[in-house]
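We did not get these values from a lab; they are worked out from the coordinates using the rules stated. Please read all numbers here as calculations on a predicted model, not as lab measurements. Ideal geometry is used to build each Cβ from the backbone, glycine not excepted, and the neighbour counts take in all protein chains shown.
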Amino acid sequence: MITPAYALTATERVLPRLALDFTTAALDARVTVTRALNTATRINSSGYVETVNADLPRFDFTLNTGGVCKGLLIEESRVNIIQRWSDFTQTAVWNATSAGGASAPTNTGNTTLSPDGVNNAQIWSFTAPVSGDRSILSQTVPSLATGYWASTIFMKAGRAEDIGKIISIKETQGATYTLVTLTNQWQRPESINTSAATTHGMAVELRPLVGTSTGTVQVAIWGAQTEAGAFVTSAIPNTGTGSVTRNADVVSMTGTNFSDWFNATAGSIYAQGSTIDNVNFPGLVTIGRADFSTNYMSILHLASSANVYTEGYVSGALQFGLTMAGTAKPAVNRAVLSYAANSFAASTNAGTVQTDNTGSLPTVDELKIGRLNGNNNYLNGHMQKVMYWPQRLIDAETRAFSK
């Protein structure tokens, strides 16, 4: 008996064989998340910081208001070196000092709802009558690494009359202060520093602008964090006197959960997500190998650029590399990579299709979500959607589906 061959219908061409939507705040049963320790957090649907247990996804929402899900939060491993991160009365680790005619900051107790929904935020009073006065709350701790360091703290106005006043923070070894205008909502400003110093930390200061008088300010503060890196990541609670590690989010599809939909000879993959990482090469998706060999195809963001890049390697040899104009981080980018042997195409945000008509296909067995082929170059942002078609979309479809 001869089995007739049928071409795909127009409808079948546009229906993806795989469709993952992380903005629904639900995880497809075929996707696995691996992350050791119960030290990771997210912003939950009520708008509060919430600890998420090990090996569970972190669907992230907006601070203060919750509402719409931003997607699946995927981050690299980080360490918070700030001790007693929310108990600023611990004088063994926190220093309250002043400069000029300012007074040292004083604590009025746990009287305000904190970003985690508990009545444990502390109100600190700063007095700095004239420009140049500084009222300072700081912590500096020994660290091992040199290079980029990032500090952050949650803060908001302590009283209605404090709205609009100015507070600043900085990483202790840096020279640049981040100025914050207080509001009645929690903010999480950050200060980034590059330093060869081996001690790091953070300082919160009242620094009146030149020619102004700010007087007394009450500011609610919670959740101080200093970490080695060029950008701030999600909150890492540290109530003790050591450091606390948040491990990386490893998100994958393997085994038959991968092979049931993957076509080794031709296909197209769509990725939608955003990153705050402007230093590394954060990956949106990778079709690669579980043994981390140099055989893979990826969609990633370029470092220090808004561009999105697709690439493919076989045994460590580059087969194709296509660069598309993306939107500036942390804005969402949407990209499609279409592939067959000697036929590759890619488009970002419905932009001009880039093509490469030479190159072989790698042998692969895993979908890696939010990272490149090794356990590195994590997205450090939010993954929203992944779709896959088991055929090489034509160039017009590649562009249309990246919109």
> For the pair N357 and N119, how long in nm is the line joining their label points, each one 7 Å along Cα→Cβ?
Replying inline: 7.2 nm
> How much net charge surrounds R42 when only other residues with a Cβ under 13 Å from its Cβ are counted (Lys, Arg +1; Asp, Glu -1)?
Replying inline: -1
> Stretched out fully, how many nm does the piece from A317 to T239 gain, at 0.36 nm a residue minus the Cα gap?
Replying inline: 23.3 nm
>> Could you tell me the extents of region 207-304's C-alpha atoms along the three principal axes, largest first, rounded to whole Å?
In response: 69, 35, 21
>> Taking R0 as 41 Å, what FRET efficiency do you get between N307 and T198 from their Cβ-Cβ distance, rounded to the nearest 0.05?
In response: 0.70
>> Over 10 Å intervals from 0, what percent of Cα-Cα pairs in region 9-114 sits in each interval?
In response: 11, 26, 26, 19, 10, 4, 3, 1
> What number, in percent, do you get for the relative contact order of the chain if the mean sequence gap of Cα pairs under 8 Å and at least 6 apart is divided by its residue count?
Replying inline: 18 percent
> With r defined as the distance between the Cβ atoms of E161 and Q90 and R0 fixed at 22 Å, what FRET efficiency is calculated, to the nearest 0.05?
Replying inline: 0.20
>> What translational diffusion coefficient, to the nearest whole µm²/s, does region 236-352 have by Stokes-Einstein, given a Kirkwood radius computed over alpha-carbon pairs, a temperature of 10 °C and 1.306 mPa s viscosity?
In response: 100 µm²/s
>> I'm spelling it out carefully: the read-out is Cα Rg over 2.2 N^0.38 Å, the candidates are (i) 0.95; (ii) 0.91; (iii) 1.13, and one was derived from this structure. Which label?
In response: (iii)
>> Let me spell out the model: positive unit charges on the Cβ of Lys and Arg, negative unit charges on the Cβ of Asp and Glu, origin at the Cα centre of the chain. What dipole size does that give, in debye rounded to 20?
In response: 380 debye
> Based on DSSP, what percent of beta bridges with both residues in the chain are antiparallel, to the nearest 5?
Replying inline: 100 percent
> In nm, to one decimal, how far is the T106 label point from the Y177 one, both placed 7 Å along Cα→Cβ?
Replying inline: 2.2 nm
>> Report the Rg/Rh value for region 275-337, based on alpha-carbon coordinates and the Kirkwood definition of Rh.
In response: 0.98
> Going down the list K170/K368; K165/K329; K156/K385; K70/K368; K368/K403, which pairs span over 25 Å between their C-alpha atoms?
Replying inline: K170/K368; K165/K329; K156/K385
> Which whole-number value in Å³ per residue fits the convex hull of the alpha carbons of region 80-246?
Replying inline: 101 Å³
